[in-house]
Amino acid sequence: MTALKEELKRQIIDVLNLEDITPADIQDDEALFGEGLGLDSIDALELIVLMDKTYGIKLSDPKKGRDIFQSIETMATYISENRTK
Amino acid sequence: MLEKANIQKSCTIEQHRIVVDDKLVWTNEENLPFSDFAKEAFQHLDIDYPKFYKMDALSKLAFLAAEYILQDEETNGLALVLANKSGSLDTDIKHQESIQDMDNYYPRPATFVYTLSNICSGEIAIRHGLQTENSFFIAEEFPEETIFAYADYLLQSGKANRVLCGWVEYFQEAYRAVLYIF
């Protein structure tokens with residue numbers, strides 16, 4: 001799970017062009033949206049594409065995304081339980 | 001109609017040089033790709049605006065030109081009238097490439113949102129809190145008469161206190177921005 005979290009942090013920084021942020025700057029339980037990393041709605045769509053492209057997880061219910069994308073911790077948990085790639 | 005004599009300030013970005021009112025304010029190595037030039041020109045401004053890194057090239061160019069020309073300027077009632085030749089074609093091509101292969105079909109939302117040329121006007125408006133008139137024209141060359149006539153109308157009709165207008169063109173590493181404040 002630790003490796004998956006580190007991989008996720010690197011992918012998010014790369015896909016979302018988070019300049020000047022390193023994986024070490026992102027805490028596992030830090031909020032990805034709002035006060036935390038300050039991601040926006042387009043970033044949320046990019047995360048949905050990331051889940052599909054990298055882990056074979058299709059999120060059809062946007063309401064689910066709110067829970068899954070709370071933090072690196074929640075994302076990693078959902079991916080490890082649902083990944084097909 | 002407005003004439004060059006009415007120009008209060010100008011900013012030109014081309015060939016890795018940023019010139020404000022005929023004064024060189026930033027330059028770097030000319031062999032750098034535009035993305036690196038833009039990043040360094042942005043960091044030179046020393047402002048906290050992480051959204052810049054997510055913009056497409058056209059928006060970065062327009063954002064930088066606006067940022068440099070609007071330093072120490074009042075933006076209340078400032079209208080935007082921009083033009084270019086290639087629209088958002090550079091980003092349109094990137095988006096098209098992402099949907100070309102049906103077996104690897106992953107359109108990028110962050111790319112798709114920039115497939116309209118006037119998004120760069122929106123980025124300037126968001127950054128400076130502008131809730132004023134704005135227009136974006138597509139033309140082979142800078143449509144000086146149209147732009148200046150429209151700016152003149154905005155000023156004469158009281159729809160704007162001042163107008164930021166000009167040319168912001170980007171296509172596959174070829175770029176030029178020339179902005180004026182009337």
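The values are calculated or read from the model by the stated rules, or taken from the named source; none is laboratory data. In this text the structure is predicted, and so the values were computed from the model without any measurement. Please note: Cβ atoms are built from the backbone with ideal geometry, for glycine as well, and neighbour counts cover all protein chains shown.
Residues checked against (1) polar (S, T, N, Q); (2) touching a helix residue (DSSP H, G or I) at 6+ places or on another chain (Cβ under 6 Å):
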residue: B:E97; (1), (2): no, no
residue: B:N104; (1), (2): yes, no
residue: B:A110; (1), (2): no, yes
residue: B:E123; (1), (2): no, yes
residue: B:E133; (1), (2): no, yes
residue: B:F148; (1), (2): no, no
residue: B:Q156; (1), (2): yes, no
residue: B:E173; (1), (2): no, yes
residue: B:F182; (1), (2): no, yes
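Considering only the stretch B:85-93, I want to know if a residue exists there that is in a helix (DSSP H, G or I), surrounded by 17 or more Cβ atoms within 10 Å (Cβ to Cβ) and without any contact (Cβ under 8 Å) to a residue 40 or more places away in the chain. Yes; the residues of the stretch B:85-93 include at least one that is in a helix (DSSP H, G or I), surrounded by 17 or more Cβ atoms within 10 Å (Cβ to Cβ) and without any contact (Cβ under 8 Å) to a residue 40 or more places away in the chain. Of the residues making up the stretch B:42-64, those that are within 28 Å of A:E46 (Cα to Cα) and more than 14 Å from every other protein chain (Cβ to nearest Cβ) are B:L58, B:L61, B:A62, B:F63, B:L64. Residue count for the stretch B:151-167 under the criterion of being surrounded by fewer than 20 Cβ atoms within 10 Å (Cβ to Cβ) and assigned to a helix (DSSP H, G or I): the result is 4.
Suppose the filter is aromatic (F, W, Y) and either modelled with pLDDT under 90 or more than 25 Å from B:V113 (Cα to Cα) (or both); does A:Y78 pass it? Against the criterion (aromatic (F, W, Y) and either modelled with pLDDT under 90 or more than 25 Å from B:V113 (Cα to Cα) (or both)), A:Y78 qualifies.
Taking (1) away from chain B (no Cβ under 11 Å); (2) over 24 Å from B:N104 (Cβ atoms) in turn, A:G38 satisfies each apart from (1). Does the stretch A:14-23 contain any residue that is under 11 Å from the mean Cα position of the chain (by Cα) and outside any loop (DSSP other than H, G, I, E, B)? Yes, because at least one residue in the stretch A:14-23 is under 11 Å from the mean Cα position of the chain (by Cα) and outside any loop (DSSP other than H, G, I, E, B).
Scanning the stretch A:41-85 for residues that are of a type in the set (S, T, N, Q) and within 14 Å of chain B (Cβ to nearest Cβ), which turns out surrounded by the fewest Cβ atoms within 10 Å (Cβ to Cβ)?
Taking the stretch A:41-85 and keeping what is of a type in the set (S, T, N, Q), we get A:41, A:54, A:60, A:70-71, A:74, A:77, A:80, A:82, A:84.
Next, only the ones that are within 14 Å of chain B (Cβ to nearest Cβ) stay: A:41, A:54.
Numbers: A:S41: 10, A:T54: 16.
So the residue we want is A:S41.
Against the condition at pLDDT below 95, away from every other protein chain (no Cβ under 13 Å) and touching a Leu at 6+ places or on another chain (Cβ under 9 Å), how does A:A31 come out, does it pass? Here the answer is yes, as A:A31 does meet what is asked.
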